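Q: One structure follows; several queries about it will come next.
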């Protein structure tokens, strides 16, 4: 089974693909359009406790933008829609994670449009009905933003993204730890003399963190996949750049059932002009077990990965550019071999920005 959530006209498509089917893609069960009257943007989604889905992003509000939250049930029916913000600030939700109390925590950025101040990393906690409970910001005098949030094993939160405020150079990776109430515990930056950014993170078995994103500082000054491992206090243990001679980046990292980790992203071979999906499998000691690329003969950009119940993984992203872009789904086995792929979309621009497992094995 595949289900589409199409959030907002002219926005990206959130795709939930069949992760249990090893023989081929399933049929589309339903599609849902959210807030079709606004030119909004979807950035992330998560599963709800009741088998539905929560989607976050941003929608225009006069001359600014508000954070947008939508919750749909397992059949795609809209249950809750809510915006957070006012007429003098820009707020964007970039990542969302489910909380034990049935609510959600959302990370992104906030900026005062009236004062034209720099962006701050933004963390918002809402209840199961998307009603805000608390919100905090973190950052300095320049631009800072959160791109990914996870719940940590101690009940708190970790947010990764980028910062221009604390390093002596350009954009650096920004990692911030919060307790369960949103109180900041510590903040760290990583990187070099060029632009570096984290787009995903996960907690490691020892309580530390593995961050994935892109770096210009450690590679050939284009963009390379950037992996950072820290201890539980944010101390840097190691950092590595991976990829080819072109522009490469990682969009997702998560633990695997064998104690290792898997990283998904995009790689641009040179002299080829097109980009491909890129996957790196690490073992429990963080050594590379295998890497693979997946090509559909066009410009492919990976946006997400999820582990399948029966083993292996499903990747989603975009094939093509502009009005020719379609959502692309790739199913791979535990060794990285492609099992099947599917193109989803219509005559206009269609982008997949995330993937989740469904409660009915889809």
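The values are calculated or read from the model by the stated rules, or taken from the named source; none is laboratory data. For clarity, every value in this text was computed on a predicted model and none was experimentally measured. Note that each Cβ is placed from the backbone with ideal geometry, even for glycine, and that neighbours are counted across all protein chains shown.
Q: Going through the range 271-327 one residue at a time, which ones are over 19 Å from the mean Cα position of the chain (by Cα) and in a strand (DSSP E or B)?
A: 282, 288, 289, 290, 291, 292, 293, 294
Q: If I go through the range 101-129 residue by residue, how many of them are over 23 Å from residue 161 (Cβ atoms) and surrounded by 15 or more Cβ atoms within 10 Å (Cβ to Cβ)? Talk me through it step by step, then tell me what you get.
A: First pass over the range 101-129, keeping only residues over 23 Å from residue 161 (Cβ atoms): 101-102, 114, 127-129.
Going one step further and asking which of them are surrounded by 15 or more Cβ atoms within 10 Å (Cβ to Cβ), we end up with 128.
Looking only at that region, the number is 1.
Q: Continuing with this model, one more query. Is at least one residue of the range 35-43 assigned to a strand (DSSP E or B) and within 19 Å of residue 357 (Cβ to Cβ)? Before the answer, list the steps.
A: First pass over the range 35-43, keeping only residues assigned to a strand (DSSP E or B): 41-43.
Narrowing the set further to residues that are within 19 Å of residue 357 (Cβ to Cβ) leaves 42.
The answer is yes; a qualifying residue exists.
Q: Yes or no: the range 45-62 includes at least one residue that is modelled with pLDDT under 85, out of contact with any helix residue (DSSP H, G or I) (no Cβ under 9 Å at 6 or more places or on another chain), closer than 25 Å to residue 252 by Cβ and not in a strand (DSSP E or B).
A: No.
Q: Step by step: first the residues of the range 220-255, then only those that are assigned to a loop (DSSP other than H, G, I, E, B) and surrounded by 22 or more Cβ atoms within 10 Å (Cβ to Cβ), then the one that is modelled with the lowest pLDDT. Which residue is that? Before you say what the answer is, go through the steps one by one.
A: Looking only at the range 220-255, we keep the residues that are assigned to a loop (DSSP other than H, G, I, E, B), and these are 220-222, 231-235, 243-246, 248.
Now restrict to residues that are surrounded by 22 or more Cβ atoms within 10 Å (Cβ to Cβ): 243, 248.
On the way: 243: 89, 248: 95.
Ranking the candidates gives 243 first.
Q: Which of the residues spanning the range 134-151 are part of a strand (DSSP E or B) and either surrounded by fewer than 18 Cβ atoms within 10 Å (Cβ to Cβ) or in contact (Cβ under 8 Å) with a residue 40 or more places away in the chain (or both)? Walk me through it before giving the result.
A: Initially, the range 134-151 is screened for residues part of a strand (DSSP E or B), giving 134-138, 144-151.
Those that are part of a strand (DSSP E or B) and either surrounded by fewer than 18 Cβ atoms within 10 Å (Cβ to Cβ) or in contact (Cβ under 8 Å) with a residue 40 or more places away in the chain (or both): 134, 135, 136, 137, 138, 145, 146, 147, 148, 149, 150, 151.
Q: Among the numbered conditions (1) closer than 22 Å to residue 353 by Cα; (2) more than 20 Å from the chain's Cα centre (by Cα); (3) buried (at least 22 other Cβ atoms within 10 Å of the Cβ), tell me where residue 81 comes up short.
A: Of the numbered conditions (1) closer than 22 Å to residue 353 by Cα; (2) more than 20 Å from the chain's Cα centre (by Cα); (3) buried (at least 22 other Cβ atoms within 10 Å of the Cβ), the odd one out for residue 81 is (3).
Q: Which count do you get for residues in the range 152-188 that are surrounded by 19 or more Cβ atoms within 10 Å (Cβ to Cβ) and assigned to a strand (DSSP E or B)?
A: So the answer is 16.
Q: Suppose the filter is under 24 Å from residue 212 (Cβ atoms) and either crowded, with 24+ Cβ neighbours inside 10 Å or more than 16 Å from the chain's Cα centre (by Cα) (or both); does residue 98 pass it?
A: Numbers: under 24 Å from residue 212 (Cβ atoms): yes; either crowded, with 24+ Cβ neighbours inside 10 Å or more than 16 Å from the chain's Cα centre (by Cα) (or both): no.
So residue 98 fails the test.
Q: Given (1) surrounded by fewer than 15 Cβ atoms within 10 Å (Cβ to Cβ); (2) part of a strand (DSSP E or B); (3) modelled with pLDDT of 90 or more, identify the lone condition not met by residue 335.
A: Unmet for residue 335, out of (1) surrounded by fewer than 15 Cβ atoms within 10 Å (Cβ to Cβ); (2) part of a strand (DSSP E or B); (3) modelled with pLDDT of 90 or more: (2).
Q: Within the range 84-105, work out how many residues are farther than 17 Å from residue 136 by Cα and either without any contact (Cβ under 8 Å) to a residue 40 or more places away in the chain or outside any strand (DSSP E or B) (or both). Steps first, please.
A: Filtering the range 84-105 for residues farther than 17 Å from residue 136 by Cα gives 87-88, 98, 100-102.
Retained after the next criterion (residues that are either without any contact (Cβ under 8 Å) to a residue 40 or more places away in the chain or outside any strand (DSSP E or B) (or both)): 87-88, 100-102.
Qualifying residue count for the region: 5.
Q: Quick one: which of 130, 118 is in a loop (DSSP other than H, G, I, E, B), in contact with a strand residue (DSSP E or B) (Cβ under 8 Å, 6 or more places away or on another chain) and over 28 Å from residue 222 (Cβ atoms)? Outline the logic, then answer.
A: Numbers: 118 fails: over 28 Å from residue 222 (Cβ atoms).
The match here is 130.
Q: Is it the case that residue 266 is buried (at least 19 other Cβ atoms within 10 Å of the Cβ), in a strand (DSSP E or B) and either touching a residue at least 12 places away in the same chain (Cβ under 8 Å) or out of contact with any helix residue (DSSP H, G or I) (no Cβ under 7 Å at 6 or more places or on another chain) (or both)? Outline the logic, then answer.
A: Details: buried (at least 19 other Cβ atoms within 10 Å of the Cβ): yes; in a strand (DSSP E or B): yes; either touching a residue at least 12 places away in the same chain (Cβ under 8 Å) or out of contact with any helix residue (DSSP H, G or I) (no Cβ under 7 Å at 6 or more places or on another chain) (or both): yes.
Yes: the conditions hold for residue 266.
Q: If you go through the range 269-288, how many residues are at pLDDT 95 or above, on the phi < 0 side of the Ramachandran plot and surrounded by fewer than 17 Cβ atoms within 10 Å (Cβ to Cβ)?
A: Residues that pass the stated criteria total 5.
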